[in-house]
Amino acid sequence: MCGIVGYIGYEQAAPLLLNSLEKLEYRGYDSAGICLNDGSRLVYEKAKGKLQVLKNLTDNGKTLSGTVGIGHTRWATHGEPSDVNAHPHLSESERFAVVHNGIIENYIQLKEHLAAKGVEFLSKTDTEVIAQLIEHYYKGNLIDTVIKVLSKLEGSYALGVISKDNPDEIIAVRKESPLIIGLGENENFIASDVTAILAKTRKIYRLENNEIAIIKRDNVTIIDTDKEEIQKEIETVNWDISAAEKGGYEHFMFKEIMEQPKAIRDTIAPRIKDGRVVLDEIKLTDEQLRKFTKINILACGSAYHVGVVAKYVFEKMLRKPVEVDLASEFRYREPIVDEKTLTIVISQSGETADTKEAMKEAQRRGSHVISVVNVVGSAIAVESDDVIYTWAGPEIAVATTKAYSTQLAVIYLMAIYFGDKLGTVSEDEYRIYIKELEQLPDKINQILADKENIQYLASKNFNCKDVFFIGRNIDYALSLEGSLKLKEISYIHSEAYAAGELKHGTISLIEQGTLVIALATHEALIGKIVSNIEEVQARGANVIGVACSNHPEIANIAQSTIFIPETCDMLLPSLAVIPLQLFAYYVASLKGCDIDKPRNLAKSVTVE
Ligand code: F6R
């Protein structure tokens, strides 16, 4: 979602701001803008559409002078995507400029209040109200004014503020939306996430809620809303800069698909010592674990799909009931969750608003929360009771691949670890799970090596209008992800269906040539899924089967088959997801879609 950047130093700020905004494009946006203090006034340019439009307008930033500035990519919430609704927003006399990520919930009341005093608004956004409030309350001290304005705002915000009167300062503040300060030599930065500044510095401050940063060229002071100074630790980011670059691949998504063996290895290897799973990063005691009567999983989108796989895994391996909830539904349904419930929250970004709020609801009800998060120091990671990080590195493509795979890996680690402690996983099973888990990266490499076969299947099918993904048990859980991957990047309508449920209604949609992708990896239910394949074929479906290499008979039934190596049932989604990701990727590529930035989507969904 919206991306914020800011620069103060001795170089011309505009080209730097545009470069940083480019690094945030992956978050999703529909307009962009920058504003600088040129020494005597605020100069700005804003444009609907891609960043390239803004670059063209400013000759790559050359036409705007000034060494301090702020920039923004906007994902429309209040007011349609347009030049005027793009950020930065300026106050009426153009004395102050603001970039904002988040939502001001009481902006209508604030706007009415200011309008009654004669303030004229240009845009339809909630953000403009912040710039106008600053001007309204300003009596010569910007910090005091920002603090006063914050006391009027309800909702979530990360803000960057500059003023015409002070070319030597950026003010930054956050509540519920992420914001970091990058620390350079005689230059400092603000950004929504580290990818924007990685080329410039690895040293950062991560702002906490209600912390205000006063950023000058050679120092950064952080204060609270009582103007008390806060001493913060400088964090050094260890993400490799190349991880946030395409590295010769055409798309980040493809690069991230190919990175999955490494990402899984990086996630599991440090947690397996002498053949035993070690999760010493969590504080949860064995006694607490034994007392839980239920597991509650909260997440959105693909992370929710990991949760659905986890339900099958945990119920089989831990013999505890598991409920998986869409985070956006959880808090509004009076959930039965208490101190006897272990909650697992799954989120790549660690900033997803629905997931964060659902987590807080579970905590309010007394539940212990373990989060599974990729972005270090993100809100969910910090606010959960325990966090287990996925070590996927930065995920730039909007459609998740390596984060999904590493989240699954953490679920397996937890299942083996907890199963051992609860006595529900035998020593023999334990050894097999560890061996198979450690072999996943190599087996994924085998599947990736056969990608041309999947590309061929994509070339045969990329014109289809409707696709059904079917499976049973853990294959059904995976079909949810296969379907989402395809529809979100290729814009082809697709649905995931529990194979046994089709005959209760949806099978009426199957007609001559409808593509059905049948996941047939779950050993115990092969016979059942074969029957379901025959049912849809009898109605004209064209079936691509996904099966393990020890079930060649699927190739005799399905029109085409993708084979994956064998592993134990519970781990199969980690292998079977790879061809589904590749299929979605190749189909979208053949259709000429904007794969890394699909329409209407944002990477980190920080609004409810
Ligand atoms: C789909 C996708 C999304 C995210 C969802 C949750 O490819 O990436 O469905 O999984 O928005 O995001 P996080 O994991 O950041 O909470």
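Loop-located trypsin sites (Lys or Arg not before Pro) across the stretch 90-138 with a Cβ neighbour count of 10 or fewer within 10 Å are K117, with loop assigned by DSSP. The Cβ shell under 11 Å around K50 holds other residues with a net charge of -1, Lys and Arg each +1, Asp and Glu each -1.
Less than 5 angstrom separates the built amide H of N296 from those of E323, L342, T343, I344, all sequence-distant by 5 or more or on a different chain. Length available on full extension from Q559 to E154: 0.36 nm per residue minus the Cα-Cα distance, which gives 140.1 nm.
What is the percent carbon and sulfur in the accessible area of the stretch 271-363, measuring with a 1.4 Å probe over the protein chains and ignoring ligands? Using a 1.4 Å probe with all protein chains present, the stretch 271-363 comes out at 49 percent carbon and sulfur.
Value of Rg to Rh for the stretch 288-360, rounded to two decimals, is 0.95; Kirkwood radius and Rg both from alpha-carbon coordinates.
Take the stretch 3-238 with all the other protein chains still there, run a 1.4 Å probe, and you get 39 Å² of accessible area per residue. Normalising by residue count, the stretch 207-299 has a Cα convex hull of 258 Å³ per residue. Each residue of the stretch 468-483 is assigned a 3J(HN,Hα), and the resulting list reads 10, 9, 10, x, 10, 6, 5, 5, 5, 4, 6, 4, 4, 6, x, 5 Hz, derived from the Karplus form 6.51 cos²θ - 1.76 cosθ + 1.60 (θ = phi - 60°), x at Gly and Pro. Of the GluC sites (Glu not before Pro) in the stretch 207-249, the ones in a loop by DSSP (not H, G, I, E or B) with at most 14 other beta carbons within 10 Å are E228, E233. Only alpha carbons enter this Debye calculation for the stretch 312-456, each as an equal point scatterer, and the log10 of I(q)/I(0) it gives at q = 0.13, 0.22 Å⁻¹ is -0.68, -1.38. Positive contributions from Lys and Arg (+1) and negative ones from Asp and Glu (-1), summed over other residues with Cβ under 12 Å from the Cβ of H251, come out at -1. Remark: the stretch 511-608 carries 35 Å² of accessible area per residue (probe radius 1.4 Å; ligands, DNA and RNA excluded).
Once backbone amide H atoms are built at 1.01 Å from N, S31 has G49, R74 as its partners under 5 Å, excluding neighbours fewer than 5 places away on the same chain. Applying a DSSP loop filter and a limit of 10 other Cβ atoms within 10 Å to the chymotrypsin sites (Phe, Trp or Tyr not before Pro) in the stretch 474-537 leaves nothing. Computed from the C-beta positions of L284 and Q455 and an R0 of 41 Å, the FRET efficiency is 0.40 to the nearest 0.05.
Measuring against 25 Å, Cα to Cα, the residue pairs K262/K294; K23/K216; K111/K232; K255/K311; K294/K443; K55/K487 contain K262/K294; K111/K232; K255/K311; K294/K443; K55/K487 as the ones spanning a longer distance. Karplus-based coupling profile of the stretch 46-57, in residue order and whole Hz: 9, 8, 5, x, 5, 4, 4, 4, 5, 5, 5, 4, with θ = phi - 60° in 6.51 cos²θ - 1.76 cosθ + 1.60 and x standing for Gly or Pro.
In the chain, helical runs assigned H by DSSP with n ≥ 4 each contribute -39500 (n - 2.57); averaged across all residues and rounded to the nearest 500, the mean residue ellipticity at 222 nm is -11000 deg cm²/dmol.
Residue-wise HN-Hα couplings along the stretch 164-174, as the Karplus relation 6.51 cos²θ - 1.76 cosθ + 1.60 with θ = phi - 60° gives them from phi, are 4, 6, 10, x, 10, 7, 10, 9, 10, 8, 9 Hz; Gly and Pro carry x. Counting only protein heavy atoms and a probe of 1.4 Å, the accessible surface of the stretch 450-593 is 48% carbon and sulfur. Within the shell defined by Cβ-Cβ distances under 11 Å, the residues around A303 carry a net charge of -2, with Lys and Arg each +1 and Asp and Glu each -1. Measuring nothing but how far apart in sequence close Cα pairs (under 8 Å, 6+ apart) lie, relative to its length, the stretch 450-593 scores a relative contact order of 32 percent. The base-10 log of I(q)/I(0) for the chain, evaluated at q = 0.09 Å⁻¹, reads -0.74 [Debye formula, identical scatterers on Cα atoms, solvent excluded].
The values are calculated or read from the model by the stated rules, or taken from the named source; none is laboratory data. Since the structure is predicted, the reported quantities are computational estimates derived from the model, not experimental observations. Reconstructed Cβ throughout: ideal geometry from the backbone, glycine too, with neighbour counts over all protein chains shown. Keep in mind that these areas ignore ligands, DNA and RNA; they rest on the heavy atoms of the full protein, side chains included. Shrake-Rupley method; radii C 1.70, N 1.55, O 1.52, S 1.80 Å.
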